[in-house]
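Visitor: Here it is, the structure in full.
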There are 2 protein chains.
Amino acid sequence: MSPDDQRPIDAETALADSPAGHKDELRLWLRLLTTTTMVEAEIRRRLRVQFATTLPRFDLLAQLQRAGPLTLGEVSRRMMVSNGNVTGLAARLEAEGLIERRVNAADRREQSLRLTARGRREFARQSAAHEGWVAELFAGLGPADQAALHKLLGRAKASISAALREEAT
Amino acid sequence: MSPDDQRPIDAETALADSPAGHKDELRLWLRLLTTTTMVEAEIRRRLRVQFATTLPRFDLLAQLQRAGPLTLGEVSRRMMVSNGNVTGLAARLEAEGLIERRVNAADRREQSLRLTARGRREFARQSAAHEGWVAELFAGLGPADQAALHKLLGRAKASISAALREEAT
DNA sequence: GCCCGATAGTTTAGGCTTCAACCAAATCGG
DNA sequence: CCGATTTGGTTGAAGCCTAAACTATCGGGC
């Protein structure tokens, strides 16, 4: 650790040396992050200008479309966001008439969310466009590269999951 | 384009068929996104519990550490965020005594940001820990896989950049 | 029947982020 | 020199997001 590194690190040497040679992982992570950020920013931008919506709204609709009615908690887990977050998101989508809530009579704590007819219609339009955008952004990557990247990302996910489980011990 | 796709897509067929077979790209993108999200969430969490700070703050300090004094606009471009965002971020970091601002005498619109002594000290601690976390999360990925992933992400970035340039036409 | 712990959601406070409108300083063309 | 444009930065409104505290309901043990 020794956090007393007071050398006047200049721009050149900034990323050059390291205590344990973890620079490669760092470079990999930064590249992964910028790649994702670029795609995400473009998708957010297009959702806004073409459909006047946002990525979180789109994601929630996608969950309902794919999995049918879901409780707030299920949506929260699937989207990997806090439940408080889903509360607000669902409120906005409900106000826009894209989803509706229904309290579970058997367990009155639960309420399930489902798409309205209008929500299904809107999402179908957005979803088709979205799929095209993604294809367009990755069009420069050949099928073999795409497959290889998919596989390696799977291994990366496994590595990360393992590290997270380890930590939870 | 023809966004009038009105079929009542049900949950089963949701991801099953597609107009042009762009499902593979979509799957690739979703995997890329979740991988990044998992790492990012963990880094945010550790920054919060171990250093009571946030990822954007850390990123801004990193920019200054690596590149020396920068104007707000330069930071904005490097971090790929809006300039209004940097205004607030810099205000908080200045209030915490980690950075300081200095108006450029030659062009009084500009002001450069630089780390304070305390900022350098704090960032050195955080940075060392951060590097270790990233290495830990990717530890399950062998050097060959890491290198391959890095290369493929480079190609993906090139593809995305090309698509964005195309669009700007 | 009643308390107790667990679970589903909401609320609150605070930070991050964007866009669009704005202000101030610099630059450029005439 | 001076108006028009550009550039650097700030502000305001709105949405997203989290952690932590809270409310309501359910289930089980006694």
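No lab work stands behind these numbers, since they all come straight from the coordinates. As the structure is a prediction and not an experimental result, all values here were calculated from the model. We place every Cβ from the backbone using ideal geometry, glycine too, and count neighbours over all the protein chains shown.
Visitor: Of the residues A:Val81, A:Val75, A:Val49, which single one is farther than 14 Å from A:Glu122 by Cβ and buried (at least 18 other Cβ atoms within 10 Å of the Cβ)?
Guide: After applying the criteria, what remains is A:Val75.
Visitor: Given the criteria more than 15 Å from DNA strand C (Cβ to nearest atom), among the hydrophobic types (A, V, I, L, M, F, W, C) and surrounded by fewer than 19 Cβ atoms within 10 Å (Cβ to Cβ), does A:Ala158 qualify?
Guide: yes
Visitor: Take the range A:77-98 and flag every residue that is more than 14 Å from chain B (Cβ to nearest Cβ), out of contact with any Gly (no Cβ under 7 Å at 6 or more places or on another chain) and more than 7 Å from DNA strand D (Cβ to nearest atom).
Guide: Those that are more than 14 Å from chain B (Cβ to nearest Cβ), out of contact with any Gly (no Cβ under 7 Å at 6 or more places or on another chain) and more than 7 Å from DNA strand D (Cβ to nearest atom): A:Val86, A:Thr87, A:Ala90, A:Ala91, A:Leu93, A:Glu94, A:Ala95, A:Glu96, A:Gly97.
Visitor: Sticking with this structure for a sec: What residue, among those in the range A:93-102 that are surrounded by 11 or more Cβ atoms within 10 Å (Cβ to Cβ) and more than 22 Å from B:Leu33 (Cβ to Cβ), is nearest to DNA strand C (Cβ to nearest atom)?
Guide: The qualifying residue nearest to DNA strand C (Cβ to nearest atom) is A:Arg101.
Visitor: Then there is this: Taking the condition of being away from chain B (no Cβ under 13 Å) and either away from DNA strand D (no atom under 14 Å from the Cβ) or surrounded by 12 or more Cβ atoms within 10 Å (Cβ to Cβ) (or both), how many residues in the range A:105-124 meet it?
Guide: Count: 4.
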